[in-house]
Every structure is written in C-alpha cells, then in structure tokens.
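Below you'll find the structure, written out as structure tokens, and then a few comments.
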Amino acid sequence: MISSEPLKLSRNEGLKEGSPFLSGTIASSLADPATERFTDDDYEFLKYHGVYQQDDRDKRKVSKHYMMMVRTKFPGGVLSADQYTACDRLADEYGNRTLRITTRQDFQFHGVLKANLRQTIKGLNEALISTIAACGDVERNIMAPPTPATNPLVDEVLAEARALSDKLGPKTPAYHSIWIEGRQVDFSPEEQGTYEDPLYGKRYLPRKFKTAFVIPPLNDIDIFTNDLGFILIAENGRVAGYNVAAGGGMGMSHGNAQTFPRLADVIGFARPEELEAVAKATITIHRDFGDRTNRKHARLKYVIEERGVDWFRTELEGRAGVKLEPARPFEFTRQGDLLGWHQQTNGKWFLGLFVENGRVRDEQGYQLKAALRQVVEQFRPEVRLTASQNLLLVNIPSESRAQVEGLLSRNGVSASNPFSRTRRASMACPALPTCGLALAESERSLPSFLSRVEELLAELGLANEELIIRMTGCPNGCARPYLAEIAFVGKAPNKYQVYLGGNEGSTRLNRLYKDSVKGEDLIPELRALLLRFREKRLGAERFGDFCARVVWKEASAPV
C-alpha cells in the first residue's frame, strides 16, 4: 500500500526553500566581529559561495579553532599569470601560506579566518576569479583537459567548458551583494517567497552536480566519475561532437548498502550545438528525480542506477529536444599528466610540474611556492591546474626554457620531476586536520607512506613499476580512490579499507580487498601482494590488471 503521507525532506531542502537567494544571515554574521564562526544554517549557505567552515581538529582538545576553506572556480583549470599571482598573494595575506590544487582543477585556500573572509573573496573577484558554485547543490567546476600538447583541439574544448560553466551557474544576486558590495542582502518576504533560479528552481539540486570534458585516448579527467561527461569525438582534425556519459560518482558511506561508487554510462552522441540543451536537461532530471529525503542517496547516479539507462536517455531527449545518435567508438589508454617539458601544438612549450597531493608550499630546500611565483611574475605563462593535482606552465617560448629551469633550480625545484613513477601517480585528499568528515589521515600520511612503498618496490626488484595509489580520509572519494590500482579509504583513526584492481585508463572500478587494516599493517599487506604479483604476472602486466585477473578471482572462489 502506498503511503499518502508527504515525503519528509532533508533539513537542507527546507533551508534552500526558505532562503532561495542562498543568502541566509551571512552578511550580518560577517559584520559581527564578536563571533569567529557562522551559524549552522549559514554553514550550509556558505557552500554555495565557495566556502566551507572548518575547525582545526588538532586543537579540539583545548577548544574549537574555527577557520574557512575557500575554493575557486576555474573551468578547465585555466588561469592567467595575474590571476595566479593574486592567488599566491591572498594565500599569504589571509590563508595558511599554501595553495592546494583540487582534483577538480581548482585552488583551495585553507586557514582563512572569518574576519578575513570577505577580503579574500573580494580580492579574488578583483582578479576576475569567482568562488560561487564551487561548492553546494549546484553545478560545480566544469573540468576539461588542460594539456596543450595532447591534441590541437584542447583550446576549443576549454572554451566550450568555460561557455557551459557560464550558462549553468546559479543566478542569485546575493553573492555580489555580500562579497563585492559588502552589504546586507535585504530581500522582502515576497521576494524570498517567489524567487526561483531559472535553472535550478526554488530548492536547487538534491546534491552536487559534476560535469567534465575529455579527449581520448588520455583520460586525464577520470571522466566516468562525473554526473555528466562529454567525450570528444574528432573527425578530420575537427570536433564532430561528443559522446555523452552520465551517472558517475565516487561517494559512498561505510555500512550503507544504498550508497556506492559508480561509473557513468555512455548514453549516446551529441553535436556541439546540442551540448547546452543536453547539460541543462541532465541537470533538471537530477533536480526533479533526485532523492531529497536522504542526502547520502541524492546523486544522479542513483537515479540512473534505479530507473535505467534507457529511461534516462528517453527523458533526456524529451527535455533537451534532441535525438541522440549512437555513441561513436573511442578508447582510453591511460590517465595522468604529461610532466616535464613538452612542445605545444602552437610551437611554444609547457612545463608540467608534479605537486605532491596538490599542495603548493615552501619547505626547507624545496621552495615550490616561491619558485612558481617568481617564474609567473617574470615570464608571464598561463597556468593550468590538472585533475591529478599537478600544475602546467603554458606558452613558454623556447628561448626562455633555460632561464625558467635556472630559476626553479635556485629554489630547489627540478624541471625533470625527479620522483618515482608511483609517487607521481599518487593522490590524497586533505583529510585531517581541516576536513570535518575525515576518519583517518590522508595528505599528511601519504608522502611518508609512499617512501616506504618505494623502498619495498626496490627491495622486490620492482622499482620501475608505476602503482596508481590513492588515499582518502573517508569514503566520500574526493581523491577518486575507487579507480586506483591500490586505494586506502579511511575507516577509523589509523584504520583503512584496502581496495585493489583499478586500471591504467581509469575505466574500471576497483574492489574491496580488506575492510579494516591498521596503518602499520598496510606495508606488510602490500608486500604479500607484490610478491605474488612478481611471481604470477603475465609479461608487462600492471598491478591493477593482475589484481583483477588473479586476486579478484581468488576472492570470489567458493570456499
């Protein structure tokens, strides 16, 4: 029997409906110097403005030390030299003197105090950098391939990502009023009651929405982890259109079978002029069919999983007013970035630099932040951020290469990226001490853990192997762990789930190998696995493929 009782919506749904301009009481809280934090309601509204309120969990035993994380929005990860230097300066003035490259090609500023929040966001906007919709139940930053040597169509795809980003953003005037004008947003009750965003409606989306572009055969974006993906199909050196993929997402919750990582399905082929209609139709499907009662079950991937791909395609075509063609053939061979010097398709050069866990900072003997600032100030390259948390210096003339290398070298940074293949393929989320969701360490632990992995590989005669290793402090999957050959997902303090079996092209989910392993037992677990890999691999077989062929089969064999 179907219940006639209305669905009990989640708390966030009531907040959005009650303040559809997404303003809450942010402005009045900013004006109150007596408090160092925002209210719990404003905590939710801040996300739409690109801000997370956090506290330093290392200091909780004494008291909660509140601070903000501010996230930019760079479609395709592209920023000018002036924009980069503005970010560098603001990180020093108001943040913790670091910049963190996210897995969605943005910058995050950590450690911003409430008293400095408006000046930080205002300073970014003065450099033509926005933070609106970098977080929240809306379209997030649209990703695109940043590497100018892979394909002459890269710049065209980046331009498409920027154009689509402009069309899919929320239209609330509150962002400009609060952060640029610095005034209280005085919307009348009538305005609050009648305003609806032209795309998102009154309650916006049930959860976040992620869109990305990619150019095969390099899957440098991990395209199948997105709600909506556009896979470039080129014919005769020109953009013919895009295969449309939908329903991807990494997040899950421990012990909740309703939640799981999922790879997007390829739905069909769309012409370039149809992209906006396809994107808006997909967003409105999420808006209208997503679960608004349970935020853990509110992503588009669950709609498609439960209703089916055929249903989704029919609904999409009806809303978009287009008829998708059959998907065109394509193949992904690998993920990751081109590091070091590479010549661009326009004849100039770019330099790809490995940034461990995306953290741009200065350390003893390795002044990466200072080196980048000096290079950008002197040579004025375009800067591009990658989905693997690395950084590209773009459009450098051939005659400037030696000077760039010399300047980097004086700061202890080598253009040759002298790190192991495994370290260069690694990623971690920030986790402790800033993320309130973290159950275990991630960014602070992975570098030293990788040193032990490198020692183990050398000991076993596997030093030249590339292992794609990703670590997260919780199961939400911000570093896309469920695609890695080896993933460690925080389960509790110093305890991790171990996942095995992702592949080089980021087209296969890994599987849970062990549910709870102490941090000190991770290397012994890897030693046993790598010994078997060394003995039983076929030719040049990668570790992830070995796990899928051997370890998965053994784990599923009847006892």
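The numbers here are math on the coordinates, done by the rules we state, and not lab data. For clarity, every value in this text was computed on a predicted model and none was experimentally measured. Note: ideal-geometry Cβ built from the backbone for every residue, glycine included; neighbour counts use all protein chains shown.
Within the chain, the longest run free of exposed loop sites, counting GluC sites (Glu not before Pro) that sit outside DSSP helix and strand states (H, G, I, E, B) and have at most 16 other Cβ atoms within 10 Å, spans 332-540.
Pairs of Cα atoms under 8 Å, at least six residues apart: use those to get the relative contact order of region 414-517, whole percent.
Relative CO of region 414-517 lands at 23 percent.
Think of each Lys and Arg Cβ as +1 and each Asp and Glu Cβ as -1; about the Cα centre, that makes the dipole of the chain roughly 1020 debye.
Across region 368-378, rounded Karplus estimates of 3J(HN,Hα) from the backbone phi angles (6.51 cos²θ - 1.76 cosθ + 1.60, θ = phi - 60°) give 5, 5, 5, 5, 5, 4, 5, 5, 5, 5, 7 Hz, Gly and Pro being marked x. Taking a ≥ b ≥ c as the square roots of the Cα gyration tensor eigenvalues, with a/c under 1.5 meaning rounded and otherwise prolate when a/b beats b/c, else oblate, which class fits region 287-404? Prolate, since a/c reaches 1.5 and a/b exceeds b/c. In terms of the Cα gyration tensor, with a ≥ b ≥ c the square roots of its eigenvalues, is region 340-409 rounded because a/c is under 1.5, prolate because a/b exceeds b/c, or oblate? Oblate. Divide the volume of the convex hull around the Cα atoms of region 423-556 by the residue count and you get 98 Å³ per residue.
Taking the chain as a whole, the Cys residues whose C-beta sits 4.7 Å or farther from every other Cys C-beta are 87, 135, 435, 474, 547. Within a straight-line Cα-Cα reach of under 19 Å, residue 114 can be paired with the following lysines, leaving aside sequence neighbours fewer than 8 residues apart in one chain: 47, 59, 64, 122.
Scaled against 2.2 N^0.38 Å for its residue count N, the alpha carbon radius of gyration of the chain is 0.95. For residue 334, the residues 5 or more places off, or on other chains, whose built amide H falls under 5 Å of its own are 219. Close lysine pairs were tallied over region 423-556: pairs 8 or more places apart or on different chains with Cα atoms under 16 Å apart number 6. Is the C-alpha gyration tensor of region 46-196 telling us rounded, prolate or oblate? Criteria: a/c under 1.5 is rounded; beyond that, a/b larger than b/c is prolate, otherwise oblate. Oblate, because a/c is 1.5 or more while a/b does not exceed b/c.
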